[in-house]
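Only one structure is covered here, and it is reproduced in the block below.
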Amino acid sequence: DPKIIQKPKYLVAVTGSEKILICEQYLGHNAMYWYRQSAKKPLEFMFSYSYQKLMDNQTASSRFQPQSSKKNHLDLQITALKPDDSATYFCASSPRGTGRERLFFGHGTKLSVL
Amino acid sequence: QQKVQQSPESLSVPEGGMASFNCTSSDRNFQYFWWYRQHSGEGPKALMSIFSDGDKKEGRFTAHLNKASLHVSLHIRDSQPSDSALYFCAASDGSGGSNAKLTFGKGTKLSVKS
C-alpha cells in the first residue's frame with residue numbers, strides 16, 4: 001500500500017508543452033522534496049518544502065515550479081518542455097526536514113519529451 | 001565536481017558472497033551519511049544511516065564511517081539475488097531547513113549471480 005502516490009506513472013509530452021506531476025504523501029510528514037533521475041545524472045535534488053514553505057531550490061530554470069496546495073501535496077509544474085527534461089521525477093518526504101532523517105520516495109513519474 | 005563519489009560503478013558477486021561498496025565525500029560539511037537501494041522500476045529506499053565513526057550493523061548489512069577521511073563503506077554478507085539493485089550513498093550536513101536535502105552519489109549497480 002504505497003504511502004507516497006505519484007501520478008501519472010508514465011508521461012509522454014511534446015516539446016514546448018506544459019505538464020503537472022502530482023505527488024501526495026500519507027505518512028503525516030511535514031517536509032517534501034522533488035528529485036530527478038536521468039541516465040546522464042544521478043539522483044539530483046530539485047526542491048524542498050517544509051510546512052508548505054519553499055526551503056531550497058536547486059533548479060537552474062524557472063520552468064520548474066513546485067505547487068503545494070495542501071500540507072501533504074507537492075506537485076511539480078514543468079512548462080516549455082524540452083527533450084532534455086526527459087527523466088524520472090521522484091517525490092520524497094521526511095518527518096521534519098532536519099537533514100538527519102530518512103527520506104521516503106514514491107515510485108516516480110517517468111517523463112519522456114519528444 | 002561530484003560532492004559524493006561512489007565506487008565501483010558496478011559489482012558482480014556470487015550468491016552467498018560479500019558485496020562491498022565505497023563512498024567518499026568531498027564536502028567536509030557532510031557528516032551524516034545514508035545508504036539507499038533502488039530496485040528497477042521503483043523509488044530508492046533507505047537501508048541504513050551512519051552518523052558516528054566506526055561500524056554499524058543491521059542484519060546482513062554493515063556500514064563503516066571514517067569522519068576524518070569522509071569515507072563510508074557498506075558491506076552485504078550472504079548476498080542474495082534479491083539484493084541485485086542500484087546502491088546509493090547519500091550525505092547531508094544535518095543542519096535542516098534550507099539544507100535538509102540529501103546529496104546522492106552516482107550509485108553502484110550490484111548483480112548477485114545464483
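The values are calculated or read from the model by the stated rules, or taken from the named source; none is laboratory data. Since we're looking at a predicted model, the values are computed, not measured. Every residue, glycine as well, gets a Cβ built from its backbone with ideal geometry; the counts of neighbours run over all protein chains shown. The protein model used for the area step is the full one, side chains on, heavy atoms only, and it has no ligands, DNA or RNA in it. Shrake-Rupley method; radii C 1.70, N 1.55, O 1.52, S 1.80 Å.
Data table
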item	result
Counted residues, segment B:36-59 - those being in a strand (DSSP E or B) and not hydroxyl-bearing (Ser, Thr, Tyr)	12
Residue B:33, sole failed condition from (1) under 20 Å from residue B:113 (Cβ atoms); (2) part of a strand (DSSP E or B); (3) open to solvent by less than 50 Å² (accessible area, probe 1.4 Å)	(1)
Cβ pairs under 9 Å, 6+ apart, first in segment A:29-44 and within 13 Å of residue A:4 (Cα to Cα), second among the aliphatic types (A, V, I, L, M) and not in a strand (DSSP E or B)	A:31/A:103; A:31/B:100; A:32/A:74; A:33/A:74; A:33/A:103; A:33/B:100; A:33/B:102; A:34/A:74
Residue tally, condition assigned to a strand (DSSP E or B), out of contact with any Cys (no Cβ under 7 Å at 6 or more places or on another chain) and within 13 Å of another protein chain (Cβ to nearest Cβ), over segment B:6-25	0
Restricting segment A:83-114 to residues that are in contact with a Lys or Arg (Cβ under 8 Å, 6 or more places away or on another chain) and open to solvent by 50 Å² or more (accessible area, probe 1.4 Å), the residue that is nearest to the other protein chains (Cβ to nearest Cβ)	A:107
Residue match in segment B:67-83 (condition: in contact with a Lys or Arg (Cβ under 9 Å, 6 or more places away or on another chain) and under 24 Å from residue A:93 (Cβ atoms))	no
Top-ranked residue in segment B:78-114 [being of a type in the set (Lys, Arg) and within 11 Å of another protein chain (Cβ to nearest Cβ); ranked as nearest to the chain's Cα centre (by Cα)]	B:106
Which numbered condition residue A:40 fails, given (1) part of a strand (DSSP E or B); (2) out of contact with any Lys or Arg (no Cβ under 9 Å at 6 or more places or on another chain); (3) within 14 Å of chain B (Cβ to nearest Cβ)	(1)
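Residue-by-condition table, conditions (1) among the small types (Gly, Ala, Ser); (2) in contact (Cβ under 8 Å) with a residue 40 or more places away in the chain; (3) more than 30 Å from residue B:50 (Cβ to Cβ); (4) assigned to a loop (DSSP other than H, G, I, E, B):
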residue: A:59; (1), (2), (3), (4): no, no, no, yes
residue: A:62; (1), (2), (3), (4): yes, no, yes, yes
residue: A:76; (1), (2), (3), (4): no, yes, yes, no
residue: A:80; (1), (2), (3), (4): yes, yes, yes, yes
residue: A:99; (1), (2), (3), (4): yes, no, no, yes
